[in-house]
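**Student:** Just passing along the structure, written as structure tokens.
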Amino acid sequence: MEPKPFFSIVLPTKNRPELLREAIQSVLWQDSEDYELIVSDNWNDERTKRAIDEFVGDRRVRYVRPDRELNMPDHWEFASTKATGEYVFILTDRTVFRNGALKKIEEAIRTYAPKGVEAYAWSHDIFDIKTRAVRPVGIASRGVAISKTDHLLIEYAKTERVSPRFPLLPNACYHRDLAGRIRKKHGRLFFPIAPDNTSDFLFLSYTDAVASIGEPLMLSQNAENSNGAMTLQKGPEGYFRTLNMPTWYRHVPIKVPSVQSLNFDDFLTMRAMVGVRPVDADVDWVNYFLHCYEEIVYFGRNGYIRNRKKEFMDAWNAALADFDEKVQNEVKAKMFRIKILFSVKAHLASSFLTPWLRNVQSSIQYRSARRKYEDVLTAAGFTSS
């Protein structure tokens, strides 16, 4: 019997052959050999199949395909159950590993797995396809930090923000036994609405600690046709229709398709499924309303909310009115500052000055000068072909 690989890198793809090639190449050019790469073809067109065929002769590459087209959570579930390695990644087709990333992840695992750590996370940067520049997401560090998962869950309940300390795929990997315990209890690992969110909250619920690697080990290409970008520009209803869900709003008070609110609904839904009672324990509802308001203000100018702003604000106001006066007064006291700030951000986002402003931001906030690269693989540190 062939020995099982240390890593299983699962790459679900849907009709993005030009990005898929780069994602595959970033794996095959790693200075580590102890892995399998599973490319899952979700009923793509022939262009994608031709791109995959370029690599199937490599013994490390496995090709799988479901018997019908699947929605995103079902496809992630299908593809990830094909993994045979000890640690499993979900690598989206618009993400590439940086040169040497696998070896650094393996070093962290060899150090912290004996201490019981089963989930590992890291930061990433963004490769801007149009400008061919790298935009840092945060300040890199060289160390590995250990975070208690109960602390991270409480932090998210209060702030509704994730950081590189959260095992949010694709910037994370997990032990197959951790996924096995979750599947034994709940039947699957990846749930709607967003499979990266739901699996993140389940990992945090079924293990005690996460190890996070401070430096950015991946580059995410800001593809304009990604699920996230399409949702933010056109709204989530098209994606939701693929899920066949009876209701999108299971635990959140605002009953309109705000991305911020629906992400928080994933969190509350996983809490209910795991058995946390009450599911809104530790929730800072003031932050919830303010974050949803940020989205309405920002995309009320440039995104899908622009033509539905009254509908969104009516739902927002109706939900807030159901809370006690203390929450209402705190929210209203902070709204004006948020409106000014995010109105300015929305204006700048559509300005011709945006590339220059991002350059200034990188230089000041992240101490990183922006430079142009030939392509994402060059930006990721690969020089050979």
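**Student:** Helices (runs of 4 or more DSSP H) wholly in region 240-338 with at least 1 residues that are crowded, with 16+ Cβ neighbours inside 10 Å, assigned by TED's automatic domain parsing to the domain that holds Lys158 and of a type outside the set (Asp, Glu) - which ones?
**Tutor:** Answer list for region 240-338: none.
**Student:** Check Arg183, Arg165 and return the single one that is touching a Ser or Thr at 6+ places or on another chain (Cβ under 8 Å) and free of Cβ contacts under 8 Å to residues at least 60 places away in the same chain.
**Tutor:** Criteria check complete, one pass: Arg165.
**Student:** Follow-up. Evaluate region 34-45: report whether one residue or more is among the aromatic types (Phe, Trp, Tyr), under 27 Å from Phe203 (Cβ atoms) and crowded, with 21+ Cβ neighbours inside 10 Å.
**Tutor:** no
The values are calculated or read from the model by the stated rules, or taken from the named source; none is laboratory data. These numbers come from a predicted model, not from an experiment. Neighbour counts are summed over all protein chains in view; Cβ atoms, including those assigned to glycine, are modelled from backbone coordinates with ideal geometry.
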